[in-house]
Structure formats: C-alpha cells, structure tokens
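What follows is a single structure, written as structure tokens, with notes after it.
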Amino acid sequence: MRMGTYYSSIDRTGDSLQSKVISFLRFPLIVAVVLIHTEPHSVIAGSNEVVGSQHYGIYNMIFMLISNIFANVAVPLFFFISGFLFFNKGGVFTLTTYLKKIRKRAKSLLVPYIIWNIIVYLILLLWQTFWPGSSSGSKLVINYSFVEWLRIFWDIRSGFYPLCAQFWFLRDLMVVMILSPVVYLLVKLLKQYFLCILGILWFTNTWFDITGLSIAAIFFFSCGSYFGIMKKNFVKILRPLMKLSVIIYPIVCLTILYFRSEPAVVKYLLSLSTLIGMILAITISAYYISRGKWSVNNFLSESSFFIYAYHQIILALVVKIAVKTFYPMSDFGLLVVYIISPILIICFGLGLYYVLRHYLPRFTSIITGGR
C-alpha cells in the first residue's frame, strides 16, 4: 500500500481508526510499564544490595534503551489517551456533564484504586510474616499506625507513592480529572498556547512539589483533552509526522546512550524522546492497523488494567527471589532475569485474568473498574 492510500484510508475511517489505535495500544503500553518496573540490578534485602553497585555495561545499556527510553512513552501516552477520552464527546462542558463523568470515573478508577492498595497491604502482610528476612528495611505493614494506614492510599512509599506503587498514575489522573473544568476553560480560552505553556513547564521540570499534582499528568492529560474538546482527530493530525519521527527517534535514542553518563544532558533528551516516541507509537500503530497488518486483540486490550494493577508487587517478589536464588553477577545473568521475569508475570497475569473473568466475572469487573 502506498503512503497516499494509507492517508486516504484514514480520511474515510478516521474516528474508527483512532478508536482502534487506542484499543490496540493499551496492551503494549502495559507491557512497557511492566518493563519499567523490572529492575534486577536494584534488589535490596535487609539493608544490602544483593547484586551490588557494580556496573554491567551491556546490561545497563540494554536496560536503559528498553526501560528508560522505549518504555518511557507509556505513562505520558496513557495520560494523553485518558484526557482525550474524558472529553471526546465534545460539546459544552456543564456541571451536570462534569458530575456524570466524575461518578463514572469513581467506579472505573477510585474503587479499583482502593481495593488494589488493600490487596497489596495484605500481600505484604503475609510476605513479611512468613519471610521476615526478605524485608528491605522499611517499617513492617503490621506496625502501621492509623495515619500510616490511611497514607497507603496516597504517599506511604518514599513520600510519593501509594502502597500499590504503580497506582500513582491513577492517583494523579483522578486529581487532574477533578480539576478538569479548569483544563476545559483554559483549553477553550488559550487553545494550543495553553499546551505550549504546560509543555515548557514539563520539559524544564519547573513545577510545584505537590504529591498527586504532577506536571506530567496535567500536561499530557491536557494535550489529550485538547483533541477531545476541539473535536480533532489526533491520528489525522499526527500522521504527517510519521516519516520524520521514524528518522529522528533512533538518532535521539543513540544520542541518549552516548551521553548516558551526563544526567543533565540526558534529562532533556529523554523528554524529547518521549514526545517523539508518542508520535511514533500512534502513527505506526495507525499505519499498520489501516493496512490490516495489525489488529486489536480484545482479550489483551481488556486484560491490560488487570496486568497493570496486579503486576508490580508480584514482579518485585519474583525478581527478588530470582536474584537472591541465582545471584546473577554478570551481564548475561542480569539480562536473563530482566527478560524472563516480565514474561512470566505477564503470561501468569493473562491466565489469572482469564480464570477470574470466567469464574468470578462480577468480582473481576469490580477490581478492574468495570472494564
């Protein structure tokens, strides 16, 4: 298929293709999130690093390329999609509309958020009870005060993360959704200039240190909101950038690897790679879906939230057990743990989701927000 034919097919089925791109991206983006959280080199037992602080050149380069660069597009793209879906009906954003959307998100986000943090608490309680020597030195959950127990839903881990650590994304997403009337008004008034201001703040990391109100959430949610509020098709708008992003993205990635020992430089290059990577993920997906080469797997798409919710605490335990059992003190050993662990976690999660959905559909619906 010629590129011109691809463009024409988008014009004829733009909204349908846009919807397919969103559904298609859910699972690979969740895989990326799992890879971000797979860190065999940083396992700690008690107060000691198991692997140590040695530098493993090949492993470090592959880890940085996959988890710190390629996978780095996942969270911003999820914020972007969430903002778009929040406003994708367009029209006037009334108080009634706002309250209806918030009630809907309470079911799809807040309820699973509370449930999964409690599940992680119970898992840690069992883990620390039956394998106390594996504790990383943090306070035992059984000794939490009432205030600390409440903080598991906000910032109990490192002063920033809820107990179910990956749910910082849901926490920040819910906060920005509560503030969505402000986003709506600023998008209507300032249009793309509002996004430019937020983009500069995000790129330069100029923001307030307020847990739950991250600039990444506000910026990328607002970007998605812009397309929804203004009734614009982001696939159509971004499609001319595909060829350019295919060329520039590898160059930026290689430049990051070259300057990886200079954090001040890498910080800005990573931000640039995130923006280009998001464009590339959207346009490449749209291109191959429109050609019939890729298609949406409904089961994988529907399982994405469950994999996201369940994976981190189990992944951390699996990686810790693997590292403490095999002591992978080499590039090859670390790479084996880095590759095998997420594969096992994702495959097991898919199987568990299938069983739960088949035998406990109501329960599964509740813990996945009705997805």
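Of note, Lys231 satisfies the criterion of being closer than 30 Å to Leu179 by Cα, of a type outside the set (Asp, Glu) and not in a helix (DSSP H, G or I).
Is the range 138-153 home to any residue that is of a type outside the set (Lys, Arg), within 25 Å of Leu213 (Cα to Cα) and in contact (Cβ under 8 Å) with a residue 40 or more places away in the chain?
First, pick out the residues of the range 138-153 that are of a type outside the set (Lys, Arg): 138, 140-150, 152-153.
Okay, now just the ones that are also within 25 Å of Leu213 (Cα to Cα), so 146-150, 152-153.
In the following step, the residues that additionally are in contact (Cβ under 8 Å) with a residue 40 or more places away in the chain were identified as 153.
Among the residues of the range 138-153, at least one is of a type outside the set (Lys, Arg), within 25 Å of Leu213 (Cα to Cα) and in contact (Cβ under 8 Å) with a residue 40 or more places away in the chain, which makes the answer yes.
A single entry from Phe203, Phe167, Phe194 fulfils the requirement of being in contact (Cβ under 8 Å) with a residue 40 or more places away in the chain and more than 24 Å from Leu110 (Cβ to Cβ): Phe203. Each residue in the range 315-368 was checked for being open to solvent by 50 Å² or more (accessible area, probe 1.4 Å), closer than 24 Å to Ser108 by Cα and either of a type in the set (Phe, Trp, Tyr) or modelled with pLDDT under 95 (or both), and 4 of them qualify.
Residues are listed down the side, and each one gets a yes or a no for (1) farther than 18 Å from Phe70 by Cα; (2) touching a helix residue (DSSP H, G or I) at 6+ places or on another chain (Cβ under 7 Å); (3) among the aromatic types (Phe, Trp, Tyr):
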residue	(1), (2), (3)
Tyr258	no, no, yes
Gly277	no, yes, no
Thr283	no, yes, no
His311	yes, yes, no
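Screening Phe259, Phe194 for residues that are under 30 Å from Tyr98 (Cα atoms) and not acidic (Asp, Glu) leaves exactly one candidate, Phe194. Checked against (1) modelled with pLDDT of 95 or more; (2) under 23 Å from the mean Cα position of the chain (by Cα), Phe160 passes all but a single condition, namely (1). Selection within the range 65-113: residues that are in a helix (DSSP H, G or I) and of a type in the set (Lys, Arg). The member of this set that is surrounded by the most Cβ atoms within 10 Å (Cβ to Cβ) is Arg105.
Output the residues belonging to the range 244-256 that are open to solvent by 20 Å² or more (accessible area, probe 1.4 Å) and touching a helix residue (DSSP H, G or I) at 6+ places or on another chain (Cβ under 8 Å).
Within the range 244-256, the first condition is being open to solvent by 20 Å² or more (accessible area, probe 1.4 Å), and the residues that meet it are 244, 246-251, 254-255.
Listed by number, the residues that qualify are Val246, Ile248, Tyr249, Thr255.
Inside the range 191-210, residues that are open to solvent by less than 30 Å² (accessible area, probe 1.4 Å) and out of contact with any Cys (no Cβ under 6 Å at 6 or more places or on another chain) make up a count of 3.
Scanning the range 55-94 for residues that are free of Cβ contacts under 8 Å to residues at least 12 places away in the same chain and β-branched (Val, Ile, Thr), which turns out farthest from Ile256 (Cα to Cα)? Restricting to residues being free of Cβ contacts under 8 Å to residues at least 12 places away in the same chain and β-branched (Val, Ile, Thr), the top hit is Thr94.
Taken over the range 221-243, residues that are within 15 Å of Phe93 (Cβ to Cβ) and either open to solvent by less than 30 Å² (accessible area, probe 1.4 Å) or touching a Lys or Arg at 6+ places or on another chain (Cβ under 8 Å) (or both) amount to 9.
Only one of the numbered conditions (1) outside any loop (DSSP other than H, G, I, E, B); (2) touching a residue at least 24 places away in the same chain (Cβ under 8 Å); (3) out of contact with any Gly (no Cβ under 8 Å at 6 or more places or on another chain) is not met by Leu269, and that is (2).
The values are calculated or read from the model by the stated rules, or taken from the named source; none is laboratory data. Note that the structure is a prediction, hence the values are computed from the model and not measured. Positions of Cβ are backbone-derived with ideal geometry, glycine not excepted, and every protein chain shown enters the neighbour counts. Calculation scope for accessible area: heavy atoms of the full protein, side chains included, ligands and nucleic acids excluded. Shrake-Rupley method; radii C 1.70, N 1.55, O 1.52, S 1.80 Å.
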